[in-house]
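Report on the following structure.
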Amino acid sequence: MKLRYFSHSACQISTKNITILIDPFLDGNPTSPVKSEEISADYIILTHAHGDHIGDSEKIAKRCNSTFICVNELANYFASKGFKAHNMHIGGSYNFPFGKVKFTIAHHGSVTPDNYYGGEPAGVLLFIEDKVIYHTGDTGLFYDMKLIGELNKVDYMLLPIGDNFTMGTDDALKALEFVNPKTAIPIHYNTFPVIEADPNQFKEKAELQGNFVKVLEFGEEIEV
């Protein structure tokens, strides 16, 4: 299985037969090294409805006949436009052909660019092959992250460090303390001036407290 980070919160998880995109903000993203036309997906998972997370979902889904996986209200939004969608909600899980998906809480907002209420923002746990991947979505720090870590033994945690709209470096360090993933990957930084952050500084501080951090270059793909 491979994980590719495009920048911002956009990433791709590829198994032998299935490709999953999370929050594919590419064409309007000044830091993404790829465009939506270069990417395909069987499934598109969205953590919430903001434009920098819905991104190019509709273009990709239309071309690839992708299935949206998101919380109920946002799934209904895409279904009303004729897309395939699997409705879920926070705390619930479902077994897909590639593995299990479970949504978690996230402290943020969720409204589409055309002002449709997208339900609660979420993080997502993916149980694929023998790995657990936790994409926190856009969120502030919350103490229940400790329970997420205790119950799920996270292998890879993708978490924001850009501050202003989400956790900054200091709160992200506490989130690592709560979850204690085997590997942390910083996301949601340097896309815009207001969320500038130094991922290597985050890595240094995290490793001083005993956490392993992998800083991915924009567009980089790793085996997980």
Among the residues of the range 90-120, the number that are among the hydroxyl-bearing types (Ser, Thr, Tyr), within 18 Å of the chain's Cα centre (by Cα), part of a strand (DSSP E or B) and surrounded by fewer than 19 Cβ atoms within 10 Å (Cβ to Cβ) is 2
How many residues of the range 170-190 are surrounded by fewer than 20 Cβ atoms within 10 Å (Cβ to Cβ) and either within 24 Å of Gly219 (Cβ to Cβ) or of a type in the set (Val, Ile, Thr) (or both)? The answer is 3
Taking first residues from the range 68-87 that are more than 21 Å from Leu125 (Cα to Cα) and second residues anywhere that are assigned to a strand (DSSP E or B) and aromatic (Phe, Trp, Tyr), the pairs with Cβ under 6 Å that are 6 or more apart or on different chains are Phe78/Phe68; Phe83/Phe68
Restricted to the range 44-88 and to residues being charged (D, E, K, R) and under 14 Å from Asp23 (Cα atoms), the residue surrounded by the most Cβ atoms within 10 Å (Cβ to Cβ) is Asp56
- Query: Is it true that some residue in the range 197-212 is farther than 27 Å from Pro33 by Cβ, among the aromatic types (Phe, Trp, Tyr), surrounded by 15 or more Cβ atoms within 10 Å (Cβ to Cβ) and out of contact with any Phe, Trp or Tyr (no Cβ under 7 Å at 6 or more places or on another chain)?
  - Reply: no
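Quick grid of which residues meet (1) more than 23 Å from Pro24 (Cβ to Cβ); (2) touching a Lys or Arg at 6+ places or on another chain (Cβ under 6 Å); (3) outside any helix (DSSP H, G or I); (4) in contact (Cβ under 8 Å) with a residue 12 or more places away in the chain:
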{"residue": "Tyr143", "(1), (2), (3), (4)": "yes, no, yes, yes"}
{"residue": "Ile148", "(1), (2), (3), (4)": "yes, no, no, yes"}
{"residue": "Met157", "(1), (2), (3), (4)": "no, no, yes, yes"}
{"residue": "Phe178", "(1), (2), (3), (4)": "yes, yes, no, yes"}
{"residue": "Tyr189", "(1), (2), (3), (4)": "no, no, yes, yes"}
{"residue": "Lys205", "(1), (2), (3), (4)": "yes, no, no, yes"}
*Return yes or no: is Gly210 modelled with pLDDT of 95 or more, out of contact with any Lys or Arg (no Cβ under 9 Å at 6 or more places or on another chain) and closer than 28 Å to Ser110 by Cβ?*
no
The residue that is nearest to the chain's Cα centre (by Cα), considering only those in the range 44-89 that are polar (S, T, N, Q) and under 20 Å from Ser9 (Cα atoms), is Thr47
A careful count of residues in the range 6-43 that are out of contact with any Phe, Trp or Tyr (no Cβ under 6 Å at 6 or more places or on another chain), part of a strand (DSSP E or B) and either buried (at least 23 other Cβ atoms within 10 Å of the Cβ) or at pLDDT below 95 (or both) gives 4
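The values are calculated or read from the model by the stated rules, or taken from the named source; none is laboratory data. Please read all numbers here as calculations on a predicted model, not as lab measurements. Glycine also receives a Cβ, built like all others from the backbone with ideal geometry; neighbour counts cover every protein chain displayed.
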